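To start, the structure under review is shown below, and the notes come after it.
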Amino acid sequence: MRSDLHEANRLSWNAATRAHNSHKADQAAFFRNGGSTLYPEELQLLGHLDGLRLLHLQCNAGQDSLSLARLGARVTGVDIADSAIDFARQLSRDSGIAADFQRDDILRWLPVPATRGERFERVFASYGTLVWLSDLKRWADGIAQVLVPGGRFVLVEFHPFALYFAPHWQPAYDYFSREPIAESGVSDYVAESGASLAPSGYRAGVENFSNPHPSYEFQWGLADVIGALLGAGLQLERLEEYPYANGWAGFDGMRDGGGGRMLPPADRPRLPLMYGLSARKPR
């Protein structure tokens with residue numbers, strides 16, 4: 001585990017999260033009025049949630065966590081960024097939707113509830129999470145430890161093949177390299193994607209954001225992810241690949257196919273931009 005790089009990423013996310021939320025109109029009102037930030041893909045994989053204990057890993061500023069809580073789940077959200085958790089706690093209070101938010105590195109946090117005997121029926125992570133983790137074995141083992149027997153882990157994530165490309169659709173990253181990738185910092189991807197990532201309404205907010213803190217990402221292939229989960233004793237139930245990316249316009253010329261599903265330009269062949277999986281802990 002590269003704690004030093006995780007700490008650098010914490011600083012980078014602290015700066016970026018403030019910029020991201022500056023573009024989103026009154027989010028508390030959005031939730032009070034019944035709004036949700038969830039997409040059909042994760043809901044289909046998660047299944048029934050009412051009354052279930054759900055752990056949301058890398059929950060960011062809590063919007064999806066509160067959307068899950070609205071469906072009846074008893075949600076605990078964990079994220080490394082101080083500004084994200086501060087925002088999530090305030091949004092929970094202002095929206096009137098209860099959830100527990102914890103600030104920590106999930107690789108350090110997961111063994112703690114496991115040791116205390118805390119368990120969850122669902123563990124969930126989505127959209128741009130795995131690139132920030134330096135140790136997938138520790139991640140998968142931690143998930144398996146906190147799931148109840150018969151409990152389910154659900155992941156909806158950007159496809160690692162899509163992350164092989166730079167924003168101009170040029171091959172840029174070694175799919176099989178496992179060395180940290182140094183970047184100039186977490187970007188203001190909400191400004192880059194626009195309304196598709198601001199369901200409460202988009203506003204200008206912070207302009208020309210430049211992150212003062214560098215960031216470090218990790219490239220994990222599909223086999224790495226599935227292998228880690230199987231190695232932790234989970235059983236793969238379902239694996240789906242999607243030719244679109246929910247909310248994220250990460251490449252030139254992407255177009256909204258409806259419902260926030262961002263598609264490549266019409267003149268490009270389809271490719272997997274996102275995948276989803278569910279894995280169950282044996283009873």
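All of the numbers you see were taken from the coordinates with simple rules; none came from a lab. Remember, predicted model here, so these are calculated numbers, not experimental data. Positions of Cβ are generated from backbone atoms using ideal geometry, with glycine treated the same way; all protein chains shown enter the neighbour counts.
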Under-5 Å amide H pairs with residue 102, H placed in peptide plane, nonlocal only
77, 78, 79
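Excluding residue 240 itself, what net charge comes from residues whose Cβ is under 13 Å from its Cβ, given Lys and Arg +1 and Asp and Glu -1? Write out the running numbers ahead of the final one.
Working: positive: 238; negative: 41, 42, 157, 237, 241.
Result for the local shell: -4.
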GNM of the chain, Cα pairs under 10 angstrom: of 16, 172, 198, the biggest fluctuation goes to 172
Got a sec to turn the phi values of segment 72-89 into Karplus ³J(HN,Hα) couplings, 6.51 cos²θ - 1.76 cosθ + 1.60 with θ = phi - 60°, whole Hz, x for Gly and Pro?
x, 6, 9, 9, 10, x, 10, 8, 7, 8, 4, 5, 5, 5, 4, 5, 4, 5
Can you give me the relative contact order of the chain as a percent, contacts being Cα pairs under 8 Å and 6 or more apart?
23 percent
Residue-wise, which Karplus ³J(HN,Hα) couplings in Hz belong to segment 206-218, taking 6.51 cos²θ - 1.76 cosθ + 1.60, θ = phi - 60°, and x for glycine or proline?
5, 10, 6, 5, 10, 6, x, 10, x, 9, 9, 10, 10
Please identify, among 182, 69, 232, the residue showing maximal mean-square fluctuation in a Gaussian network model of the chain using a 10 angstrom Cα cutoff.
182
Quick one: Cα centre-to-centre distance for segment 126-180 and segment 82-107, in angstrom?
23 Å
Give me, ordered by chain and number, the residues 5 or more places off residue 133 or on other chains with an amide H under 5 Å from its own placed amide H.
218
Given a 10 angstrom Cα cut-off, can you work out which residue in 181, 85, 143 is the most mobile in a GNM of the chain?
181
Of 189, 173, 244, how do they rank once you tally other Cβ atoms within 10 Å and put the fewest first?
173, 189, 244
Backbone HN-Hα couplings from phi across segment 28-39 [Karplus 6.51/-1.76/1.60, Hz, Gly and Pro as x]:
4, 5, 4, 6, 4, 8, x, x, 9, 9, 7, 10
